[in-house]
Amino acid sequence: MENLPLEITSAERFFYGDYLILLEGAIEEFLSCLQMIRRYQVSRGQRDPIASFQARIKSAESMRAKLERQNLPITAHSALQDVWDAAGVRLVCPFVQNIDQTVSLIRQIPGVQILREKDYIRNPKPSGYRSYHMILSLPLRFLEKAPEHPVWLEVQLRTIAMDCWASIEHQLKYKQDIANQALIVQELKRCADEIASTDLSLQTIRDLIGGPGKEGTLCGF
Ligand code: 0O2
C-alpha cells in the first residue's frame, strides 16, 4: 500500500479507464470523512484512535492476476463489481481497543453501506495474519447522480504491531526459493501469536494508565 498521494501509473490508467476517478473518489470521500471524525473526537477530549493510514489503488498487474485466479473477466467493470479491493485504505491503530472503536465510528458514517466484514483478529488466518476487514461504500458527493453500482472500498484495520508483522510477512512471501519453508511459516505464525499477546499487554497497560479516551460516537452530544 502507498501513502497519499496515490501512486497511479499509466498501467492503472489504462486498465481502470473511466472507473479510476470513481476509485480515487471513494478513497478521498472516506479519508476526508475519517479525518473530520478524528478531529471531532480530539476536539471532544477523546484520544485519536488512529496512528496512521495508507491508501492505494490495486495495481493493474495485481488486479489482473486476481481476476484470472477467480476465473472472472479481465475487465475494469469486473474489478469493481466482483472484486471489492480495487480501492483500499489501511488504518493503523495504537491499541486493539481502538480497532473496535474505529469500526463503530465507521458504521455511523451517514450513508455508509457495508457489504462485508471479516474479523481476522478474533479469528486469525492460519498464517497468523490479524486484521479487521470491511468492504464498504460511501455516497460520492462529486457525482451529479449516483453510479449504477456502488464503488466498493476495502478498509483494513490493525494495530501497529499487527501491521509490522503483516508488512514483514508480505515481503518474505515473495522469497519463494528459500529452504525450510515449513519452518519459516511456523516461526512467522509464532511471531504473530507473540505479537498478539504483546498487544493485549499493551492494552492492559493503557487501561491501567487510564485518562480520557472512552469510546466515541459521531453525534454524542
Ligand atoms: P494487497 O497487495 O494488500 O492488495 P482475496 O482478496 O482473494 O485474497 P478475500 O477473502 O477477498 O480474498 O480477502 P481477505 O483474505 O479478506 O483479504 C485479502 C487481503 O488481506 C490481502 O490483499 C492482504 O492485504 C491481506 N492479507 C490476507 N491474508 C494475509 C496474510 O496471510 N499475510 C499478509 N501479510 N496479508 C494478508 P492482497 O490482494 O493479497 O494484496
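The values are calculated or read from the model by the stated rules, or taken from the named source; none is laboratory data. None of these values were measured; they are calculated from a predicted model. Cβ: placed from backbone, ideal geometry, glycine included. Neighbour counts: every protein chain shown. Please note that ligands, DNA and RNA were not included when accessible areas were found on the heavy atoms of the full protein model with its side chains. Shrake-Rupley method; radii C 1.70, N 1.55, O 1.52, S 1.80 Å.
Tabulated data for the structure shown
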item: Tally, over segment 55-92, of residues that are open to solvent by 60 Å² or more (accessible area, probe 1.4 Å) and near the ligand (Cβ under 9 Å from one of its atoms); result: 3
item: Tally, over segment 1-52, of residues that are assigned to a loop (DSSP other than H, G, I, E, B) and open to solvent by 20 Å² or more (accessible area, probe 1.4 Å); result: 14
item: Close pairs from segment 148-168: first near the ligand (Cβ under 10 Å from one of its atoms), partner acidic (Asp, Glu), Cβ under 6 Å, at least 6 apart; result: 154/85
item: Test: residue in segment 100-107 that is at negative phi, among the acidic types (Asp, Glu), modelled with pLDDT of 95 or more and within 14 Å of the ligand (Cβ to nearest atom); result: no
